[in-house]
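Novice: Dropping a structure here in structure tokens format, bear with me for questions.
The values are calculated or read from the model by the stated rules, or taken from the named source; none is laboratory data. Because the structure is predicted, anything quoted here is derived from the model rather than measured. All Cβ positions, glycine included, derive from the backbone under ideal geometry; neighbour counts span all protein chains shown.
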Amino acid sequence: MSTSAITEKLLTAKKAKGITFADLEKILGRDEVWIAAVIYRQASASQEEASKIVSTLGLEPELAESLTESPLKGSLEQTIPTDPLIYRFYEIMQVYGMPIKAIIHEKFGDGIMSAIDFTLDIEKEEDPKGDRVKVIMSGKFLPYKKW
């Protein structure tokens, strides 16, 4: 999995400044997952949002323009991911994808969950047996059209 030169520059500056995605969320007033998607070039920012990102990271203002461009979405390669964390999501879909699909169809009918009208939140759940990752996805239901 490769990242763009722009992403590398942003991540390097973010690390050098000790800034987290949660810090950027407070500055921009946008969710940290969405901000990470902008930095990984999977979402586009407004000029104002892009300017805030690059100025917070101490980068040249000209870099902001590239963050406003419509990205080419879907950065994973066609092969099974090898990064353990990303692989787990692949594995979750392999095991639970069809059950999730069946339950969505049972509750909503024939359609899909939007990945455009969509939010994704990641929370840390304290647990005495080991902290847990809580991933919350919320997408608008889009029924298939009949004609």
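Novice: With (1) touching a Leu at 6+ places or on another chain (Cβ under 9 Å); (2) among the aliphatic types (A, V, I, L, M); (3) modelled with pLDDT under 95 as the list, and MET98 as the residue in question, which single condition is left unmet?
Specialist: Failed condition: (1).
Novice: Quick check: anything in region 67-74 surrounded by 18 or more Cβ atoms within 10 Å (Cβ to Cβ), modelled with pLDDT of 90 or more and either within 22 Å of VAL133 (Cα to Cα) or out of contact with any Cys (no Cβ under 9 Å at 6 or more places or on another chain) (or both)?
Specialist: Checked against the condition, which is being surrounded by 18 or more Cβ atoms within 10 Å (Cβ to Cβ), modelled with pLDDT of 90 or more and either within 22 Å of VAL133 (Cα to Cα) or out of contact with any Cys (no Cβ under 9 Å at 6 or more places or on another chain) (or both), region 67-74 yields at least one hit.
Novice: Where residues in region 125-147 are small (Gly, Ala, Ser) and within 18 Å of PHE89 (Cα to Cα), which of them is surrounded by the most Cβ atoms within 10 Å (Cβ to Cβ)?
Specialist: So the residue we want is GLY139.
Novice: Answer yes or no as to whether ILE80 is farther than 17 Å from THR3 by Cβ and assigned to a loop (DSSP other than H, G, I, E, B).
Specialist: In short, yes.
Novice: Still on this model: If ILE104 satisfies every condition in (1) touching a strand residue (DSSP E or B) at 6+ places or on another chain (Cβ under 8 Å); (2) closer than 23 Å to ALA22 by Cβ but one, which is the exception?
Specialist: Just one mismatch for ILE104, condition (2).
Novice: Next question. Would you confirm whether or not region 110-123 contains a residue that is surrounded by 12 or more Cβ atoms within 10 Å (Cβ to Cβ), of a type in the set (Gly, Ala, Ser) and within 20 Å of SER4 (Cα to Cα)?
Specialist: Taking every residue of region 110-123 in turn, none turns out to be surrounded by 12 or more Cβ atoms within 10 Å (Cβ to Cβ), of a type in the set (Gly, Ala, Ser) and within 20 Å of SER4 (Cα to Cα).
Novice: Can you work out which of the residues in region 105-147 that are in a strand (DSSP E or B) and acidic (Asp, Glu) is nearest to TRP34 (Cα to Cα)?
Specialist: Residue satisfying both the conditions and the ranking: ASP121.
Novice: Among the numbered conditions (1) under 19 Å from ILE35 (Cα atoms); (2) touching a helix residue (DSSP H, G or I) at 6+ places or on another chain (Cβ under 6 Å), tell me where PRO61 comes up short.
Specialist: (2)
Novice: Just to verify a result, which residue in region 1-20, among those that are among the β-branched types (Val, Ile, Thr) and surrounded by fewer than 15 Cβ atoms within 10 Å (Cβ to Cβ), is modelled with the lowest pLDDT?
Specialist: If we take residues in region 1-20 being among the β-branched types (Val, Ile, Thr) and surrounded by fewer than 15 Cβ atoms within 10 Å (Cβ to Cβ), then THR3 is modelled with the lowest pLDDT.
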